[in-house]
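K.L.:
If you scroll down you'll find the structure; I have some questions about it.
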Amino acid sequence: MKKDVIYIDIEDDITAIINKVKTAKASIVALVPPKRVGVLQSTVNLKLLLRAADTADRRIVLITSDQALTSLAAGMSIPIAKNLQSKPEIAPIAALVSDDDVINGEELPVGDLADSAATPSGTEVAVAPETKPVPPKASGIKVPNFDSFRKKLFLFGGLGLALTGFLVWALLFAPEATVAITARTNVVNISKTLQLRANAKLDASQAILPVITNQTKKTVSVDFTPTGKKDVGASATGTVKFTTNSITSLGTIPAGTSLTSTSGMVYKTDLAVTLTLTNALAGVTTTVTAAGSGAKYNGASGSASGAPSGVVTSFVGATSGGTDKTVTVVSADDVAKAKDQLKTQDANAVKAELQKLFTAGQIVISEGFIVEAAEPVSSPVVDTEATTARLTAETTYVLVGILRSDLKSVYEHYLNTQLKGDTSQKIYESGDNATQFSQFAKTDTGFSVRATAVAQVGPNIDSAVLAKQLEGKRVGEVQQLVGAIQGVKDVDVKLSPFWVSRVPGAADRITITFSLDNE
């Protein structure tokens with residue numbers, strides 16, 4: 001059968017115990033008195049308690065091993081159990097022990113009987129001789145010491161005031177209570193894509209948040225070693241003559257016409273020439289320059305091909321002046337590699353500087369670190385001979401963040417949607433303190449980022465309302481009241497200072513703390 005367990009404090013009087021029995025919900029009430037309790041060591045109090053229980057249709061069971069209380073309960077047929085798990089039984093009544101030596105009051109010479117008691121016959125009564133009174137010795141009057149009296153008065157008066165002040169402090173101001181509640185919570189996983197926009201207003205339902213950006217510009221440079229190769233040798237030159245005996249071949253031979261020697265070397269005409277009826281047989285000449293540099297173009301002579309049909313081409317003397325020379329220059333590939341070095345140079349140090357610009361109420365999105373470098377300039381420029389080079393660029397560094405309160409609002413909107421108006425539950429941890437960000441990207445309107453977190457939802461307990469309900473209650477009552485709340489796993493009550501035996505009567509001196517158990 002169901003039963004209510006009531007723990008009796010030492011300060012409880014019989015009226016308080018009767019009220020607890022009357023307000024018990026179960027028909028069987030187990031009373032657990034402390035050791036050496038005085039209120040139940042009275043037959044009258046037990047009779048009052050038993051009568052009140054019968055009136056309220058309650059049956060009481062005493063949980064005790066005290067022999068004296070067990071004997072009293074046995075005389076009134078009150079069940080006794082040694083602990084809450086034992087079966088209650090009515091203890092046997094101890095046999096009364098009688099004394100055979102009974103005193104008869106009529107045989108005692110008391111009062112008038114003593115005066116009229118007869119003297120045994122034959123016994124003479126001795127009479128004391130008459131004596132004269134001795135006058136008391138005269139003594140002088142002792143004058144009290146008023147200075148000593150005054151000092152004692154002040155001393156004891158001060159001690160009395162100090163004691164009064166201590167009692168006021170000890171009873172009214174010193175008592176404090178801490179009620180530690182362990183609540184069972186449920187874990188809710190959150191995963192939201194946040195839209196971060198400049199100058200935007202918070203829209204928790206759409207997960208749109210105003211973005212916070214801190215940025216800095218730095219001119220950075222990186223030195224590199226050129227690896228490009230370039231042939232800077234001189235090109236060979238010479239002279240060629242064009243002749244023809246065909247009228248149809250007359251005309252202009254343009255500058256840049258490619259001519260190939262018998263050795264396969266290519267040369268180009270420097271100027272345009274025109275063959276006419278008057279010079280066609282004698283021929284016209286022009287200078288040529290080798291298509292490439294190097295000594296291999298020297299010594300070309302004889303005929304050459306590449307002129308228009310019907311036109312004969314021949315070198316006038318041998319070509320000369322070609323030299324071989326290769327130098328190291330800045331190549332486009334060298335500049336591309338230096339650009340990659342430039343992007344990562346000092347990036348971590350700059351990121352740390354930007355993180356310091358965010359305040360405690362803001363969350364830094366580490367993934368939102370952006371490095372934007374302007375077109376770098378190489379010195380010397382590409383294709384220029386050099387043994388060392390430097391690439392310089394003005395770089396903009398941007399670090400993105402959001403307000404913690406905005407992220408919390410987005411999470412709470414999502415969690416309240418999941419709770420669907422269930423007022424018996426509330427949010428203990430929204431997850432904003434341990435959010436992980438990923439998939440950061442630029443968008444047309446700003447940035448987007450994926451936010452994941454773990455929230456905790458548990459029983460809805462109003463600390464202020466609960467503190468008012470606990471005013472003036474004893475430890476057992478507090479544990480019974482709070483433990484009955486759905487979702488509460490454990491209750492621990494601590495009173496201070498050590499002489500305090502009940503919760504203070506003022507809610508502002510009651511501290512309620514919560515710890516979470518999501519197992």
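K.L.:
Near K420, which lysines are there with a Cα under 20 Å away, not counting those fewer than 8 places off in the same chain?
P.N.:
K420 reaches K192, K408.
K.L.:
What does the convex hull of the Cα atoms of the chain come to per residue, in Å³, rounded to a whole number? Kindly include the intermediate steps, with their values, before the conclusion.
P.N.:
Values: hull volume 229.4 nm³, N = 519.
That works out to 442 Å³ per residue.
K.L.:
If you don't mind, another one. So for segment 233-324, what are the equivalent ellipsoid semi-axes in whole Å, largest first, each being the square root of 5 times an eigenvalue of the Cα gyration tensor? Walk me through the numbers on the way to the answer.
P.N.:
Values: eigenvalues 120, 24, 20 Å².
Output for segment 233-324: semi-axes of 24, 11, 10 Å.
K.L.:
Compute the FRET efficiency between V465 and F514 as 1/(1 + (r/R0)^6), taking r as their Cβ-Cβ distance and R0 = 22 Å, and round to the nearest 0.05. Provide the component values of the computation, followed by the final result.
P.N.:
Details: r = 14 Å, r/R0 = 0.65.
Using R0 = 22 Å, I get an efficiency of 0.95.
K.L.:
Which Cα, out of F149, Y297, I181, lies furthest along the positive dipole direction of the chain (beta carbon charges, K/R +1, D/E -1)?
P.N.:
Of the options given, the answer is Y297.
K.L.:
While we're looking at this one, here's another question. If you find the alpha carbon centre of segment 462-519 and of segment 1-76, how far apart are they in angstrom?
P.N.:
Using only Cα atoms to place each centre, the spacing works out to 25 Å.
K.L.:
Rounded to the nearest 5, what is the percent of antiparallel bridges among the DSSP beta bridges in the chain? All intermediate terms of the calculation are to be shown ahead of the outcome.
P.N.:
On the way: 87 of 109 bridges.
Just about 80 percent of them are antiparallel.
K.L.:
Among the lysines, which have Cα under 23 Å from the Cα of K218 when same-chain residues fewer than 8 positions away are ignored?
P.N.:
Straight-distance partners of K218: K337, K339, K343, K351, K356, K442.
K.L.:
Which shape class, rounded, prolate or oblate, goes with segment 3-81 when its Cα gyration tensor gives a ≥ b ≥ c as root eigenvalues, a/c under 1.5 marks rounded, and past that a/b bigger than b/c marks prolate?
P.N.:
On the way: a/c = 1.39, a/b = 1.27, b/c = 1.10.
Rounded.
K.L.:
While we're here: Which value in deg cm²/dmol, rounded to the nearest 500, describes the helix-derived mean residue ellipticity at 222 nm for the chain, given -39,500 (n - 2.57) per DSSP H run of n ≥ 4 and division by the residue count?
P.N.:
Mean residue ellipticity, 222 nm, calculated: -6500 deg cm²/dmol.
K.L.:
Only Lys, Arg, Asp and Glu count, each charged at its Cβ (+1, +1, -1, -1), so figure out the dipole size of the chain about its Cα centre, rounded to 20 debye. Could you put the intermediate results ahead of the total?
P.N.:
Numbers: 50 positive and 50 negative charges, 344 e Å.
Taking the Cα centre of the chain as origin, the dipole is about 1660 debye.
K.L.:
At 37 °C and 0.692 mPa s, what whole-number value in µm²/s does Stokes-Einstein give for the translational diffusion of segment 383-446, with Rh from the Kirkwood sum over Cα pairs?
P.N.:
Numbers: Rh = 16.8 Å.
Result for D is 195 µm²/s.
K.L.:
Let me ask something else. With unit charges on the beta carbons (Lys and Arg positive, Asp and Glu negative) and the dipole taken about the Cα centre of the chain, which residue among G233, Y267, V330 sits farthest to the positive side?
P.N.:
Selected residue: Y267.
K.L.:
May I have the count of lysine pairs in segment 3-81 with C-alpha atoms under 18 Å apart, counting pairs 8 or more residues apart or located on different chains?
P.N.:
Details: K3/K20; K3/K22; K3/K25; K20/K47; K22/K47.
Eligible lysine pairs with Cα atoms under 18 Å apart amount to 5.
A short reminder: the numbers here are calculations on the coordinates, not readings from a lab. Owing to the predicted nature of the structure, the values given are computational and were not obtained by experimental measurement. Note that each Cβ is placed from the backbone with ideal geometry, even for glycine, and that neighbours are counted across all protein chains shown.
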